[in-house]
Amino acid sequence: MTMQTRDTLHEGIVMYGGSPKILLAGAGLLLAVLAPYALYPVFLMKVLCFALFACAFNLLIGFAGLLSFGHAAFFGGAAYIAAHVVKVWGWAPEFGLIAATAVAGLMGLVFGLIAIRRQGIYFAMITLALSQMVFFLALQLPFTHGEDGIQGVPRGTLFGLFDLGQPLTMYYTVLAIFVAGFALIWRTVHSPFGQVLKAIRENEPRAVSLGYRTDRYKLVAFVLSASLAGLAGGTKALVFQLASLTDVTWQMSGEVVLMTLLGGMGTLFGPVVGAGLVVTLESYLASTSLPVPVVIGCIFVVCVLLFRRGIVGELLHRLPGKGNR
Amino acid sequence: MSHLFGIPPQALFGQLLLGLINGSFYALLSLGLAVIFGMLNVVNMAHGALYMVGAFVAWLLLTYLGVGYWGALVLAPLAVGAVGLVLERTMLRRLYKVDHLYGLLLTFGLALIFEGAFRHQYGVSGQPYPIPELLKGGINLGFMYLPTYRGWVVAASLLVCLGTWFAIERTKLGAYLRAATENPTLVQAFGINVPVMVSLTYGFGVALAGLAGVLAAPIYQVSPLMGSNLIIVVFAVVVIGGMGSILGAIVTGLGLGLLEGLAKVFYPEASNIVVFVIMAVVLMVKPAGLFGRER
Amino acid sequence: MPDGMNTKTAMLEIADLYGFYGESHVLHGVSLEVRQGEVVTLLGRNGAGKTSTMRAIMGIMGKRTGSIRFQGTELIGMAQHRIPRLGIGYVPEERGIFSSLSVDENLTLPPVVKEGGMTVPQIHELFPNLRGRGSTQGTRLSGGEQQMLAIARILRTGATLILLDEPTEGLAPVIIEQIGVAVRALKQRGFTIVLVEQNFRFAATIADRHYVMEEGHVVDMIPNDQLHANMDKLHTYLGV
């Protein structure tokens, strides 16, 4: 009975927007707005791009239970598209990003149609194999320039108004993109659609027997996730003025898995925390003689063996009010 | 007939032989993956890294201890198998009760560690490994020149694959393995130590990868990333063949190697992606794979 | 060969057995005793703990406390794969015939744990249906034949105590008859048998004693010769 009251109470708080989650998001946003005065904007933008990428990935694994091991294809593939249309065709940056997102969504549709035919481990292997195909295409197609990648991509002027060549302008643009993407994911997760996805994750046969065409739901989630990963990749291409093979390798797909796992799969903020940590760690390791993949691999192993809830997941688990998921 | 479809026969057969060799490696590696998957429900992402470790063990044996090819052919798979036993006992074992995806993630982390460590130590460039004296030279088959070592690789892989097939499908030990794959609890209730069997299965599966690594050493150079991209193709092979059948893994591996060889002759640009395209087509037509059963 | 005459020694003694599957508590203090050469049934409604008792003996259970002694040896705490090697054979309710194994492979799968097991010709004499079917895929046999195979493969091992979980479930009366003949033959050969049965008319034709289980423990013991006198009580227990 008391449980019941508390739950209702909690729901009420969420409804009126006073939930700690919203407060946390607000505080995070404030921090992000002020951050470039304390830290390098390029570093922060890298974190934001990967955070959006990880959030997009988490939409699948955390809320639909699908492990894609091929998300680098959307991230890196979209980076090539953005770089190409902006540099070679001279498109404005906003159209470059739209093109990148759209192509990634289209690739997501194709991947999804093929991979959704199998579940679990097979799904992971199929997405991995398909993304490897994209890697070989990126290696061979003329417009991607093979090992060199597309270099010297101009950042251009956003909406003809904002000169993205200015670091702070670029930073706030990236922040806006991240916030928009994150808000979309937040809305999706809390929408009826998101509830169906969770039902599929918990028990797909039951969802089917309730009359849901689960494949459709999974496909839509996959396309949405791929599009947002593409948006992140396109943004990264503008930030670094570069699209390269690194972003389409399967190691990159693994990296986004790690960010999400480390932060907490199925939590909204986990991927952001994970991306921040991994990017920070990698830039720190770059200045030491420690081999990055070995350290990353060790974190992977430790996370999987001892720490499967991730940082945010573990915090939520230890919080007294478990309704706060 | 000096030209087949406008291609000189030497070039055609040459590429087909290369395809057959690649196919032999696909078969050996996908066989190991299938055996491990059947028993442990783990997609061993570290398989390519352990293939590389096999090649490196051979190279290290030769460079530092003067142990040659034939010794390495026995010792390297044993070493890789021992590494596998340790990994299974200390890590994989803890994950059997949670979602199978964690096994995949763990072995992915292990692959990063192995590849990263060898790269750190030996750099990305390959180390040459000599062809053993006995297998140098070649044979003129009339329609093509067959380098002896390449013929040996195909023959040896086939022999090992068929031997494994025989051991699993036709022997008592294989019956235990098949039974334990189906219902480990009951097999244990008959008095068989299933956890030990599971460890040995993993050890055996990765030992096959190690063996493939030794066989590959004289053909490709020994380099830390030699297994990194190869293993993804092998995953595609496994998806195409379906995990259900040992013979399926062998046939699919060889067949796709040959197809890749043909692609190199007729449409070289597509040779890297032909396996993935076939995978997509097979999934659309027969989601369980060519030889697979729906699970 | 087990000595059929010596019915005084206790072969299996279970005392105060508690058992759990994960969070759920399924056995609440089971105590029973099976003497050498006896056929004992566990009767009870669904969920009373009969199958769980068998699984607890075999060690196929999350956690168990109390005592299970087989010929004086404590089974709780023993490695799971050692228990059958003491001479205990288990025929699970779902029969557990392996589809990737032929009939012969199924038959010879359980390792021989003691001397004195039946030979394959003896088994074929007991279950003529299995003769000449050796290379058939195990699960292609009919339900009754699969049940015979499930029993047959235990007989080869030399196990002296056999746990039979609902051997007649879902089978036609003719087949049940055949299984009954076989079980009686086994009793004559001196095997000790613990039988889970819903069909107590079948149980009455072969058992020496009946344990009645309810809610995870034994509530009554009825010797077979007093079964008629206790019919009303039994009907209440089983809710028939």
Checklist entry - Where the centroid of each part is defined by its Cα atoms, how far is the stretch A:122-171 from the stretch A:44-120 in Å? => result 10
Checklist entry - Between B:LEU259 and C:ASP104, what FRET efficiency follows from the Cβ-Cβ distance if R0 is 35 Å, with the result rounded to 0.05? => result 0.35
Checklist outcome for this item: When B:CYS161, A:CYS298, A:CYS49 are ranked with the fewest other C-beta atoms within 10 Å first, the list becomes A:CYS298, B:CYS161, A:CYS49
Next on the checklist: Suppose a student asked you for the relative contact order of the stretch B:129-274, using Cα pairs under 8 Å spaced at least 6 residues apart; what percent would you report?
Outcome noted: 15
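With the cut-off at 1.5 for a/c, could you classify the stretch B:204-295 from its C-alpha gyration tensor as rounded, prolate or oblate?
Details: a/c = 2.18, a/b = 1.22, b/c = 1.79.
Judged from the Cα gyration tensor, the stretch B:204-295 comes out oblate (a/c at least 1.5, b/c at or above a/b).
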Next on the checklist: Can you compute the FRET efficiency between A:TRP186 and A:TYR212 using 1/(1 + (r/R0)^6), with r the Cβ-Cβ distance and R0 = 30 Å? Round to the nearest 0.05.
Outcome noted: 0.85
Checklist entry - Where a ≥ b ≥ c are the square roots of the eigenvalues of the C-alpha gyration tensor, would you call the stretch B:1-83 rounded, which needs a/c under 1.5, or, failing that, prolate if a/b is larger than b/c, or oblate? => result oblate
Next on the checklist: Can you list residues from other chains, or at least 5 along the same chain, whose modelled amide H is less than 5 Å from the amide H of B:GLN127?
Outcome noted: B:VAL222, B:SER223
Checklist entry - Can you pull the mean other chain C-beta count within 10 Å for peptide A:290-302? => result 6
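For the stretch B:18-226, calculate the relative contact order in percent as a whole number, restricting contacts to Cα pairs under 8 Å that are 6 or more residues apart. Could the numbers behind the result be given before it?
Numbers: 266 pairs, mean separation 94.6, N = 209.
This gives 45 percent for the stretch B:18-226.
Within 10 Å of each Cβ in peptide B:89-100, how many partner chain Cβ atoms are there on average? Round it to a whole number, please. Don't skip to the end; give the middle numbers.
Values: counts 0, 1, 3, 1, 0, 3, 3, 0, 0, 2, 5, 4.
Neighbouring Cβ atoms belonging to other protein chains average 2 per residue here.
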Next on the checklist: Place a point 7 Å from Cα of A:VAL88 in the direction of its Cβ. Which residues in the stretch A:122-145 have their backbone N less than 13 Å from it?
Outcome noted: A:138-145
Next on the checklist: If I take the Cα coordinates of chain C and project them onto the principal axes, what are the three extents in Å, biggest first?
Outcome noted: 45, 40, 38
Checklist entry - From the phi of every residue in the stretch B:66-72, what ³J(HN,Hα) in whole Hz does the Karplus formula 6.51 cos²θ - 1.76 cosθ + 1.60 yield, where θ is phi - 60° and glycine or proline is x? => result x, 7, x, 4, 5, x, 5
Next on the checklist: Along the charge dipole of the stretch B:137-295, pointing to its positive end and built from +1/-1 on Cβ of Lys, Arg, Asp and Glu, which listed residue (B:GLY289, B:VAL222, B:TRP165) has its Cα farthest out?
Outcome noted: B:TRP165
Checklist entry - Can you list the aspartates and glutamates whose alpha carbon is less than 12 Å from that of C:LYS187, not counting same-chain residues fewer than 8 positions off? => result C:ASP3, C:GLU38, C:ASP208
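I need the trypsin sites (Lys or Arg not before Pro) found in the stretch B:31-134, filtered to DSSP loop residues with at most 10 other beta carbons within 10 Å of theirs. Don't skip to the answer; put the middle values down first.
Working: sites: B:ARG89, B:ARG93, B:ARG94, B:LYS97, B:ARG119; in loops: B:LYS97.
Here the sparse-neighbourhood loop sites are B:LYS97.
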Item to check | Paramagnetic label zone (point 7 Å from Cα along Cα-to-C-beta, A:VAL110; backbone N under 17 Å) in the stretch A:66-83 | outcome: A:70-82
Item to check | Estimated 222 nm signal from helices in chain A, with DSSP H stretches of n ≥ 4 weighted -39500 (n - 2.57), rounded to 500 | outcome: -24000 deg cm²/dmol
Next on the checklist: Per q in 0.09, 0.13 Å⁻¹, report the Debye log10 I(q)/I(0) for the stretch B:18-226, using one uniform scatterer on each alpha carbon and no solvent.
Outcome noted: -0.37, -0.74
Checklist entry - Pulled fully out, how much extra length does the chain show between A:THR280 and A:HIS317, if you take 0.36 nm times their separation in residues and subtract their Cα-Cα distance? => result 10.8 nm
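Based on the Cβ-Cβ distance from B:ALA82 to C:ALA229, what FRET efficiency comes out when R0 is 56 Å, to the nearest 0.05?
Values: r = 67 Å, r/R0 = 1.19.
Given R0 = 56 Å and the Cβ-Cβ separation, E is 0.25.
Using the Kirkwood radius built from alpha carbon pairs, what does the Stokes-Einstein equation give as D for the stretch B:85-132 at 20 °C and 1.002 mPa s, in µm² per second?
Numbers: Rh = 13.0 Å.
It comes out at roughly 165 µm²/s.
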Checklist entry - Using alpha-carbon positions, what is the distance between the centroids of the stretch B:169-224 and the stretch B:245-295, in Å? => result 24
Next on the checklist: Going 7 Å from the Cα of A:VAL42 along its beta-carbon direction, which residues of the stretch A:142-163 have the amide nitrogen within less than 20 Å of the resulting point?
Outcome noted: A:148-157, A:163
Item to check | 5 angstrom amide H check on B:PHE291, placed H, neighbours 5+ away | outcome: B:GLY242
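Mind running the shape call on the protein assembly as shown? Use the C-alpha gyration tensor, a ≥ b ≥ c as the square roots of the eigenvalues: rounded below 1.5 for a/c, prolate if a/b tops b/c, oblate otherwise.
Working: a/c = 2.47, a/b = 1.47, b/c = 1.68.
The shape class here is oblate.
At 222 nm, what helix-only mean residue ellipticity would chain C give, in deg cm²/dmol to the nearest 500, using -39500 (n - 2.57) for each DSSP H run of four or more? Don't skip to the answer; put the middle values down first.
Working: 7 runs with 66 residues, N = 240.
One gets -8000 deg cm²/dmol as the mean residue ellipticity at 222 nm.
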Next on the checklist: Please list, ordered by chain and number, the residues whose modelled amide H lies under 5 Å from the amide H of C:TYR21; skip anything fewer than 5 residues away on the same chain.
Outcome noted: C:VAL26
Checklist entry - For the stretch C:29-60 and the stretch A:256-325, what is the separation of their C-alpha centers, rounded to whole Å? => result 48
Checklist entry - P(r) of chain A in 20 Å steps, Cα pairs, percent per bin? => result 32, 58, 10, 0
Next on the checklist: Residue by residue through B:264-277, how many Cβ atoms from other chains fall within 10 Å of the Cβ on average?
Outcome noted: 3
Next on the checklist: Show me, for the stretch A:83-98, the HN-Hα J-couplings you get by feeding each phi into the Karplus relation (A = 6.51, B = -1.76, C = 1.60, θ = phi - 60°), rounded to Hz, glycine and proline as x.
Outcome noted: 4, 5, 5, 6, 7, 8, 8, x, 6, 5, x, 5, 6, x, 5, 5
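Just the number: Rg to Rh for the stretch C:104-157, Cα atoms, Kirkwood Rh, two decimals. Kindly include the intermediate steps, with their values, before the conclusion.
Working: Rg = 10.4 Å, Rh = 11.1 Å.
With Rh from the inverse mean 1/r over Cα pairs, Rg/Rh is 0.94.
Read the figures in this text as sums done on the coordinates, not as results from a lab. This one's a predicted model, so the numbers in the text were calculated from it and none came from an experiment. Every residue, glycine among them, receives a Cβ derived from its backbone with ideal geometry; neighbour counts consider all protein chains shown.
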